[in-house]
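The values are calculated or read from the model by the stated rules, or taken from the named source; none is laboratory data. Here the structure is a predicted model, which means the values were calculated and not measured. Cβ atoms come from the backbone with ideal geometry, glycine included; neighbour counts cover every protein chain shown. Heavy atoms of the whole protein, side chains included, go into the accessibility calculation; ligands, DNA and RNA do not. Shrake-Rupley method; radii C 1.70, N 1.55, O 1.52, S 1.80 Å.
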Amino acid sequence: MIELTLARIAEIVGGRLTDITAEEAATTTVTGTVEFDSRAVTPGGLFLALPGARADGHEFAAAAVASGAVAVLAARPVGVPAIVVDAPASDPGAAGTAGVLEHDLGGAGAAVLAALGTLAAAVASELADRGLTIIGITGSSGKTSTKDLIAAVLDPLGEVIAPPGSFNNELGHPWTVLRATESTDYLVLEMSARHRGNIAALARIARPSIGAVLNVGTAHLGEFGSREAIAETKSELPQSVPESGVVILNADDPIVAAMAEKTSARVVRVGRGPDADIRADAVTLDPLARPSFTLHAGGEQVPVTLAVHGDHQVSNALTAAAIALECGATLDQVASALATAGPVSRHRMQVSTREDGVTVVNDAYNANPDSMTAGLKALAWMARQNAGAGRSFAVLGEMAELGEDAITEHDRIGRLAVRLDVSRLIVVGSGRPMSAMLHGAVMEGSWGSEATQVDDADAALELLRAELQPGDVVLVKASNSAGLGALADTLAAEGTP
């Protein structure tokens, strides 16, 4: 974060100082990072006291100061230097500070979270005035993978700040903004939503001069109710980009392409069709489903080979390329950066081949019908490249937040696994959606032991240990709540049983 005195921070967030004098606050400066985990606090930092699912951050305020924090941003006095903010009198969701987090933080949490957003907005505005380029990306799937690619292609151009993993809600978003300093050239931000207005609220914290919409699918369908409502929410990003900015739209997704009518900014279209401004053609996949293609832009072309896996990564790479070109990169620089930009965030299409010849595709962090389809297609492709030497195993957990469509969508994925000729479908979990996935596979023609359902990850691991042979390819995929990440990690680390 840029260096600010405690007095200035209190002024920005409308808080009051406790356990510190006004004179001390005027000379005490935050020189470190803002952290909500007391274990991550570094000297000169600011600790964010948030109530969590299992513990209240206020209880760790003293420990954070002992570790070097100069003060705490809190909802009540904590016995150490603090900036205390009051809970909002009205619904915090009206200001966009609630609704994205999985847990309701309550009034105290909403107050601290709102103050964090206010502080981040002030810092983002000051840095933007100094020349910082703020980049926002949204979409139903692929945000984190694309964010990692964007960071990679911008790295040769200057200092880049991007969130670790999927820090894309009203906590992770301002936390990422506050990682930026005077030396930061590019700030890359994911923007997620669980309700209408969430993306617009995040954009008000850090208004992007470049915005990108990847796709509109069925992630969070249970909360939004329809794909149209999801599209309306995603369109909040292009509407937030100023007229002087640029919006990158996926021309291969008609719903996304139509968002060109909702922005006053210049529009750049990416895709595989002839009307795209940044275009890919001659797409091929290697045996591990890493794409190669010809990248066309501005009348020039260059061959590109990606280090990430899956045909769906072509679209993500085109978005990253378009952003880098807007920031001044050459086509050759883009191609070179993409060639070495491997998976950064854990449990997202991480491909590893064990010593015994088993290939594990760890994509266990997130899942929705679109990303599940992409993962299964990549699995089927990899298995086919083994020329009969191995089999394909799909270890699938629940896709969360699909609402009334959960049964239908899980049934459809079960059927798709059979149509793609996946050798073995292992359905993990005992709920109705997972039973629907098994039922879909059986109804599509999966007989005998080709498809089976197990209660949990331990049972799935036991089954895999008994059946895997050299040359087999295993995809592990589910929403993070299913907890299959540890299964995939263990599986990848093991050799021949």
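Using packing as a proxy for protection, rank 345-351, 206-212 so that the peptide with the highest average count of other Cβ atoms within 10 Å comes first.
Values: 345-351: 20.6, 206-212: 25.3.
The peptides rank, most packed first, as 206-212, 345-351.
Normalised per residue, the accessible area of the stretch 131-340 is 34 Å², obtained with a 1.4 Å probe and no contribution from ligands, DNA or RNA. Tilt of helix 432-444 relative to the longest C-alpha principal axis of the chain, in degrees (0 to 90, nearest 10)? Once rounded, the angle reads 30 degrees. Once you reduce the stretch 33-56 and the stretch 138-212 to the center of their Cα atoms, the two points are 21 Å from each other.
The alpha carbon radius of gyration of the chain, expressed as a multiple of 2.2 N^0.38 Å, is 1.02. What the Cβ-Cβ distance of Asp275 and Arg196 gives, at R0 = 25 Å and to the nearest 0.05, is a FRET efficiency of 0.25.
For the chain, what does -39500 (n - 2.57) per DSSP helix run (n ≥ 4), summed and divided by total residues, give at 222 nm, in deg cm²/dmol to the nearest 500? Using -39500 (n - 2.57) per qualifying helix, the result is -10500 deg cm²/dmol. Here the accessible area is traced with a 1.4 Å probe on the protein chains. For the chain, carbon and sulfur cover 48 percent of it.
Taking the inverse of the mean 1/r over every pair of distinct Cα atoms in the stretch 131-340 gives a Kirkwood hydrodynamic radius of 16.9 Å. Short-range pairs are left out: with C-alpha atoms under 8 Å and at least six residues apart, the relative contact order of the chain is 10 percent. The angle separating the long axis of helix 406-419 from the principal Cα axis of greatest extent in the chain is about 40 degrees.
Taking square-rooted eigenvalues a ≥ b ≥ c of the alpha carbon gyration tensor, is the stretch 240-376 rounded, prolate or oblate, where a/c under 1.5 means rounded and, failing that, a/b exceeding b/c means prolate?
Verdict is prolate for the stretch 240-376.
Run a plain Debye calculation on the stretch 350-493 (Cα atoms as equal point scatterers, no solvent) and give log10 I(q)/I(0) at q = 0.12, 0.19 Å⁻¹, rounded to two decimals, same order as the q list. Relative scattering, expressed as log10 I(q)/I(0), comes to -0.40, -1.07. Rounded if a/c is under 1.5, else prolate if a/b beats b/c, else oblate: with a ≥ b ≥ c from the C-alpha gyration tensor eigenvalues square-rooted, which is the stretch 17-63? Judged from the Cα gyration tensor, the stretch 17-63 comes out oblate (a/c at least 1.5, b/c at or above a/b).
Taking a probe of 1.4 Å, how large is the accessible area per residue of the stretch 350-493, in Å²? Could you put the intermediate results ahead of the total?
Numbers: 5970 Å² over 144 residues.
Ligands and nucleic acids excluded, the figure is 41 Å² per residue.
For the pair the stretch 444-490 and the stretch 113-128, the centres of their Cα atoms are 44 angstrom apart. Here the chain carries DSSP beta bridges of which approximately 30% are antiparallel, counting only pairs with both residues inside.
Prolate is the label for the stretch 154-218, because a/c, from the alpha-carbon gyration tensor with a ≥ b ≥ c as root eigenvalues, is 1.5 or above and a/b exceeds b/c. Straight-line reach only, C-alpha to C-alpha below 17 angstrom: list the lysines that Lys234 could link to, leaving out same-chain residues fewer than 8 apart. Hits, sequence-local ones excluded: Lys143, Lys147, Lys262.
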